[in-house]
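The numbers here are math on the coordinates, done by the rules we state, and not lab data. From a predicted model like this one, the values you see are computed outputs, not experimental measurements. Here the Cβ positions follow ideal geometry from the backbone for every residue, glycine too, while neighbour counts run over all protein chains shown.
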Amino acid sequence: MTDLEEDCGRGFFRIDDEIRLSWIKVEPNSVRTTSDKENELQSLNTDLHNLISTAFGDSAVLGEALGLLNRKIELLTGEESGATLDLKAVPVNVSGSGVAFASEEPLTHGETIELTMLLLPVNATARVRATVVTCSAYPEDDWTYWVRSKFEPKQEVITEQIVQHVNLRQMQNLASRNKGS
């Protein structure tokens, strides 16, 4: 493990991916108030995400169909915030403990951000707080900055959803490689 990996606290398995993502700066100690309804929806989304991931293991078509149905319900019931409708596809390196992502705007070490991610193909929305660890030049011309962040503690439900996403994408990558062999 390199010093950078240790600094990022990214001890979990990680994958390169492209995720629909947006972020905003937030005050470090600010508390996001969530209603009982939001808490229940978040819990239901996590349970549904786990079940859809399991269905994906049995049938990719069934898993994707359930994910799309879940997304459609969110859109029709208005449970989807306006911010998640405008999420831009962004290159990321994601794990259960943090995410590195491409950005057009620089961030500084120690800043607190709230990330909103649409985890495909299950179509689950995850909103998680993170602390910026580093920000450097992006290695390609498509973006300007590469921001590395570490998820804040006490977000186990959300980070478990992200771990499920990482596991699902890894299974898909392995299945693709096996088909090509």
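The figures follow:
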quantity: By average C-beta atoms within 10 angstrom, highest first, the peptides 164-172, 102-110; calculated: 164-172, 102-110
quantity: FRET efficiency, residue 59 to residue 87 (Cβ-Cβ, R0 30 Å, nearest 0.05); calculated: 0.65
quantity: Value in Å of the Kirkwood radius, where the stretch 78-181 supplies the Cα pairs that are averaged; calculated: 14.9 Å
